[in-house]
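J.: If you scroll down you'll find the structure; I have some questions about it.
The values are calculated or read from the model by the stated rules, or taken from the named source; none is laboratory data. In this text the structure is predicted, and so the values were computed from the model without any measurement. Please note: Cβ atoms are built from the backbone with ideal geometry, for glycine as well, and neighbour counts cover all protein chains shown.
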Amino acid sequence: MGWLDYYNEMLQWGELQTPYMKFFTPLNAVGSDLDYGTQEAGAAASSSNGHGFIDGFGSQGLSLLDYNNCASSASNWCTMFGTWYPGTMPLELQQVSLSDEQDENCTTQSPPPNNACGTPPGDSGDLRVWLPYAVTNHLTALEVYYLDAGLAFDPNYCASFTAPPSVRCVGGYNIGSNTFLTTTLQATFMNAVGQGSNCNPPVSGAGGASTGNCAYATTINNAHGAHQVQ
């Protein structure tokens, strides 16, 4: 119980400061034991800020593994969102890692070594599937990896392409070492779900070479309201 005692003490200390901002507290799990998340959600729902608004909670483990598996979602976020949603506190999620629009079932990854869904260098699966599912289950605040946000909304996510069939993203967003993403895969994703000529209306970018259909942008806008990228 040491961790839960600490968790509650931190919430109580924060509430005593009467801050005029909301806390977002994390849900945790130890192996398959989801009771930590259950108790932490209850503690967060009993805490409020200086305005009297209830503090929020969430998880940084969102992935396609949660899809249609509410009872076994990461740190029990899905069940707890359903339990506490009437409390009108903010309910926040962050994807566990970069999405992979080609990973539809959390068992494959592009390219190998097939880490599939999980912490980096794993992926979070297809954003077009897990994001609407999370919103259906009461998500109100979403933290997106900047590479996925760029893929969704930036027509210059890839600065230029070479001619097919060897399409390659050149000068695009920087990618870190602890990820499955490659520059070639960036181009593949942009041509499939990013900004491009198959959007409605068509979007020009990367020298007009992208054939993307704005599927990621459409999914985010439909799920969470229109976004403007500047």
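J.: From the list 77, 84, which residue is surrounded by fewer than 21 Cβ atoms within 10 Å (Cβ to Cβ) and among the hydrophobic types (A, V, I, L, M, F, W, C)? Before the answer, list the steps.
T.: Numbers: 77 fails: surrounded by fewer than 21 Cβ atoms within 10 Å (Cβ to Cβ).
Testing whether each residue is surrounded by fewer than 21 Cβ atoms within 10 Å (Cβ to Cβ) and among the hydrophobic types (A, V, I, L, M, F, W, C) leaves just 84.
J.: Give the residues of the stretch 43-60 that are surrounded by fewer than 24 Cβ atoms within 10 Å (Cβ to Cβ) and either among the β-branched types (Val, Ile, Thr) or modelled with pLDDT of 85 or more (or both), sorted by residue number.
T.: Selection gives 54, 60.
J.: Restricting the stretch 1-25 to residues that are surrounded by 10 or more Cβ atoms within 10 Å (Cβ to Cβ) and charged (D, E, K, R), which is modelled with the lowest pLDDT?
T.: The qualifying residue modelled with the lowest pLDDT is 22.
J.: Same structure again: If we keep just the residues of the stretch 121-160 that are within 12 Å of residue 190 (Cα to Cα) and among the polar types (S, T, N, Q), which is modelled with the highest pLDDT? Write out each step before concluding.
T.: Going residue by residue through the stretch 121-160, those that are within 12 Å of residue 190 (Cα to Cα) are 147-160.
In the following step, the residues that additionally are among the polar types (S, T, N, Q) were identified as 156, 160.
On the way: 156: 91, 160: 84.
The extreme case among them is 156.
J.: Right, next: Would a scan of the stretch 167-185 turn up a residue that is over 21 Å from residue 123 (Cα atoms), in a loop (DSSP other than H, G, I, E, B) and in contact with a strand residue (DSSP E or B) (Cβ under 9 Å, 6 or more places away or on another chain)? I'd like the intermediate steps shown before the answer.
T.: Step one: filter the stretch 167-185 for residues over 21 Å from residue 123 (Cα atoms), giving 167, 170-171.
Narrowing further to those that are in a loop (DSSP other than H, G, I, E, B): 167, 171.
Among the residues that remain, those that are also in contact with a strand residue (DSSP E or B) (Cβ under 9 Å, 6 or more places away or on another chain) are: 167, 171.
Within the stretch 167-185, one or more residues are over 21 Å from residue 123 (Cα atoms), in a loop (DSSP other than H, G, I, E, B) and in contact with a strand residue (DSSP E or B) (Cβ under 9 Å, 6 or more places away or on another chain).
J.: Here's another thing I want to ask about it. Which of the residues that make up the stretch 161-203 are surrounded by fewer than 22 Cβ atoms within 10 Å (Cβ to Cβ), in contact with a Gly (Cβ under 9 Å, 6 or more places away or on another chain), farther than 23 Å from residue 119 by Cα and modelled with pLDDT of 85 or more?
T.: Correct list: 192, 197, 198, 199, 202, 203.
J.: Can you tell me which residue is farthest from residue 133 (Cα to Cα) among those in the stretch 61-74 that are out of contact with any strand residue (DSSP E or B) (no Cβ under 6 Å at 6 or more places or on another chain) and crowded, with 18+ Cβ neighbours inside 10 Å?
T.: Keep residues of the stretch 61-74 that are out of contact with any strand residue (DSSP E or B) (no Cβ under 6 Å at 6 or more places or on another chain), which gives 61, 66-73.
Restricting the remaining residues to those that are crowded, with 18+ Cβ neighbours inside 10 Å gives 61, 66-67, 73.
Details: 61: 14, 66: 9, 67: 7, 73: 12 Å.
So, considering only residues that are out of contact with any strand residue (DSSP E or B) (no Cβ under 6 Å at 6 or more places or on another chain) and crowded, with 18+ Cβ neighbours inside 10 Å, the one farthest from residue 133 (Cα to Cα) is 61.
J.: Being free of Cβ contacts under 8 Å to residues at least 60 places away in the same chain and either assigned to a helix (DSSP H, G or I) or in contact with a Phe, Trp or Tyr (Cβ under 9 Å, 6 or more places away or on another chain) (or both) is the filter; apply it to the stretch 152-166 and report the residue that is farthest from residue 215 (Cα to Cα). I'd like the intermediate steps shown before the answer.
T.: Of the stretch 152-166, the ones free of Cβ contacts under 8 Å to residues at least 60 places away in the same chain are 155-166.
Adding the requirement that they be either assigned to a helix (DSSP H, G or I) or in contact with a Phe, Trp or Tyr (Cβ under 9 Å, 6 or more places away or on another chain) (or both) leaves 157-158.
Values: 157: 14, 158: 16 Å.
Per the stated criteria, the residue is 158.
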